[in-house]
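So the structure is just underneath, and the comments pick up after that.
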Amino acid sequence: MNRVERAKQFLPFDALKGLKEALRKVEKEREEVERIELSEESLEELENKFNRVKQGDIVSIKYYKNKKYVEVTGNITNIDYIKKRIQINKTEDISIYDILDITE
């Protein structure tokens, strides 16, 4: 066996291909993020969007939950303009104060 072939025996070997990438993905998902403080203009635009949507509309909402931002898309099943809450797919009950963006 020549030197080059012999050296190949000692190259790094990844017995569990994809494990490192999977671990990085899980780590990123668990990463906590700070809540973004919206400017006055952004808050006004968000409130206008909130007042414009109605029950039955399909929307995407990006909001702060459990120390990270998540996005949910679905049917608006309930809007409470007094408490400033919106319900998506009868499961997600979201406060307007946690919403970063609403896309119609």
Kindly evaluate Glu37 against the criterion of being surrounded by 10 or more Cβ atoms within 10 Å (Cβ to Cβ) and either β-branched (Val, Ile, Thr) or within 28 Å of Asn78 (Cβ to Cβ) (or both). no
Name the pairs: first residue in segment 33-53 and under 17 Å from Lys65 (Cβ atoms), second residue exposed (fewer than 10 other Cβ atoms within 10 Å of the Cβ) and among the basic types (Lys, Arg), Cβ to Cβ under 6 Å, at least 6 apart or on different chains? none
Could you please let me know if Ile86 is surrounded by 10 or more Cβ atoms within 10 Å (Cβ to Cβ), among the aliphatic types (A, V, I, L, M), touching a residue at least 24 places away in the same chain (Cβ under 8 Å) and in contact with a helix residue (DSSP H, G or I) (Cβ under 6 Å, 6 or more places away or on another chain)? no
If a residue must be free of Cβ contacts under 8 Å to residues at least 40 places away in the same chain and among the aliphatic types (A, V, I, L, M), how many such residues does segment 89-99 contain? 1
Looking at Val70, is it under 30 Å from Ile94 (Cβ atoms), of a type in the set (A, V, I, L, M, F, W, C) and not in a helix (DSSP H, G or I)? yes
Residue hits (segment 23-39; over 13 Å from Tyr97 (Cα atoms) and among the charged types (D, E, K, R)) are Arg24, Lys25, Glu27, Lys28, Glu29, Arg30, Glu31, Glu32, Glu34
Would it be correct to say that Ser60 is surrounded by 13 or more Cβ atoms within 10 Å (Cβ to Cβ), out of contact with any strand residue (DSSP E or B) (no Cβ under 8 Å at 6 or more places or on another chain) and not in a loop (DSSP other than H, G, I, E, B)? no
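Bear in mind these aren't lab numbers, they're just calculated from the coordinates by the rules spelled out. All values derive from a computational prediction rather than experimental measurement. Cβ: placed from backbone, ideal geometry, glycine included. Neighbour counts: every protein chain shown.
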